[in-house]
1. Restricting the range 183-206 to residues that are open to solvent by 10 Å² or more (accessible area, probe 1.4 Å) and of a type in the set (Ser, Thr, Tyr), which is farthest from GLN106 (Cα to Cα)?
2. What pairs can you find where one residue is in the range 29-44 and closer than 10 Å to ASP202 by Cβ and part of a loop (DSSP other than H, G, I, E, B), the other is open to solvent by 10 Å² or more (accessible area, probe 1.4 Å) and among the β-branched types (Val, Ile, Thr), and their Cβ atoms are less than 8 Å apart, with a gap of 6+ or different chains?
3. Exactly one of (1) among the basic types (Lys, Arg); (2) open to solvent by 20 Å² or more (accessible area, probe 1.4 Å); (3) modelled with pLDDT of 95 or more is unmet by LYS29. Its number?
4. Please tell me if SER355 is closer than 21 Å to ILE167 by Cα and open to solvent by 10 Å² or more (accessible area, probe 1.4 Å).
5. Give all pairs with beta carbons closer than 7 Å in which a residue from the range 180-191 that is part of a helix (DSSP H, G or I) and acidic (Asp, Glu) meets a residue that is buried (at least 24 other Cβ atoms within 10 Å of the Cβ) and modelled with pLDDT under 95; count only pairs at least 6 apart in sequence or on separate chains.
6. Please work out which one of (1) out of contact with any helix residue (DSSP H, G or I) (no Cβ under 7 Å at 6 or more places or on another chain); (2) assigned to a helix (DSSP H, G or I); (3) open to solvent by less than 30 Å² (accessible area, probe 1.4 Å) is the condition GLU107 fails and give its number.
7. Give the range 228-263 a look and list any residue that's open to solvent by 30 Å² or more (accessible area, probe 1.4 Å), at pLDDT 95 or above and either farther than 23 Å from LYS357 by Cβ or part of a strand (DSSP E or B) (or both), or say none.
8. State yes or no: is GLY368 touching a Leu at 6+ places or on another chain (Cβ under 7 Å), touching a residue at least 40 places away in the same chain (Cβ under 8 Å) and open to solvent by less than 60 Å² (accessible area, probe 1.4 Å)?
Amino acid sequence: MKNKYSIFTLIKNSFSYHENWQKAWGNPKPKSYYDIVIVGGGGHGLATAYYLAKEHNLKNIAVVEKGWIGGGNTGRNTTIIRSNYLWDASAGLYDHALKIWENLSQELNFNVMFSQRGVMNLAHNQHDVRELKRRTHANRLNGIDCEWLNVDQVKEFCPIINCSPDIRYPVMGSTLQRRAGTARHDAVAWGYARSADSMGVDIIQNCEVKGIKRKGDSIEGLETTKGFIKTSKIGVAAAGHSSVIANMAGLKLPLESKPLQALVSEPIKPIIDTVVMSNAVHAYVSQSDKGELVIGAGTDSYVSYTQKGTHEIIEGTLKAVLELYPIFSRLRMLRQWGGIVDICPDASPIISKTSIKGLYFNCGWGTGGFKATPGSGHLFAYTIAKDEPHALNAPFNINRFVSGDLVDEHGAAAVAH
């Protein structure tokens, strides 16, 4: 189906996306039966539907979204993409995603604004130096690009960083992954939505799941605000609310949901052309194509489903940011938000079928969800279609919390959790 709107029209105002979607492609009523229903119309859910149709030639698929597509965590993140994770399982998963990112605009014929501007992870103490050098070597052993920069090289690559030895968090070096970078978050959702729609996937907005019907240990369908949908397979990719949906089926997930905070400044002329993450404090900075500084902060310590957070987290982050980048001191904050993230005990995701036949979950990404989007959707589609995991997501099965075979990526977010 030919797109009636240019990328510039569609991304002009992220809060009117649901209106543009309905104008361009409509908002179909759900049919009484689908072979597969994906719960969650964000990047992961839409990517899953796209790959189910494209890679596995499945046709009778629906994506149900309680709000509008891309209106959840897909539109509430700091857009960073990288694959420099420590453990083999994580490195394989995220580099699979990064390789798809590199050709995604061409594949979808939709500009997702992927920019390989590089991602730096700063070291501020001897522990950081040792840990980041260890990760550099682990990345290289896994065939992932990563290099160590000394202080002079850090200053050369990003001149605005304060490299004085007298500041609270002195810069002692940095890793650099040059293939890493950023993308336009909501454009990713729109690109997958348009391509999935063109292959016959029904994308149903304003359709909230209210219950899951089971017959013994098998799925029968979904109760939604638009009526009952019969299906034999449900794939859940609803960031921040996966445990709520799991409870509807009588399944308890090992997750905590917390607000992950971020903010942007007023727009300014280009000043930073890379992504810089600080390891000792949860503070990372990049600049969007609109000129805003995109600043990532930490998660609140309490469990919550509110898409906001405490100013204490923001205040601590800004103190660290202003020390590292004194040039930002007179900028004003434009807006602040909290994305709700599911966090597993081992800080690694779940991409797995469950003990209930026909029920699958993609959740628990913590701070890593956006960067994994295309790889996650590709592997989740494989798992749903084949009813078995792909080799790359097999380590992220839900049973690892019983067996103890965890993928412990605490700290591999390269910032303090």
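The values are calculated or read from the model by the stated rules, or taken from the named source; none is laboratory data. Note that the structure is predicted; figures quoted are calculated from it, not measured. Methodologically, a virtual Cβ is constructed for each residue, glycine included, from the backbone with ideal geometry; neighbour enumeration extends over all protein chains shown. Please note that ligands, DNA and RNA were not included when accessible areas were found on the heavy atoms of the full protein model with its side chains. Shrake-Rupley method; radii C 1.70, N 1.55, O 1.52, S 1.80 Å.
1. Checking each candidate, the answer is SER198.
2. Close Cβ pairs satisfying both conditions: PRO30/THR224.
3. Answer for LYS29: the failing condition is (3).
4. Details: closer than 21 Å to ILE167 by Cα: no; open to solvent by 10 Å² or more (accessible area, probe 1.4 Å): yes.
Judged against the criteria, SER355 is not a match.
5. From residues that are part of a helix (DSSP H, G or I) and acidic (Asp, Glu), the pairs are ASP186/GLY70; ASP186/THR74.
6. (3)
7. PHE228, LYS230, SER232, LYS233
8. Numbers: touching a Leu at 6+ places or on another chain (Cβ under 7 Å): no; touching a residue at least 40 places away in the same chain (Cβ under 8 Å): yes; open to solvent by less than 60 Å² (accessible area, probe 1.4 Å): yes.
It is false that GLY368 is touching a Leu at 6+ places or on another chain (Cβ under 7 Å), touching a residue at least 40 places away in the same chain (Cβ under 8 Å) and open to solvent by less than 60 Å² (accessible area, probe 1.4 Å).
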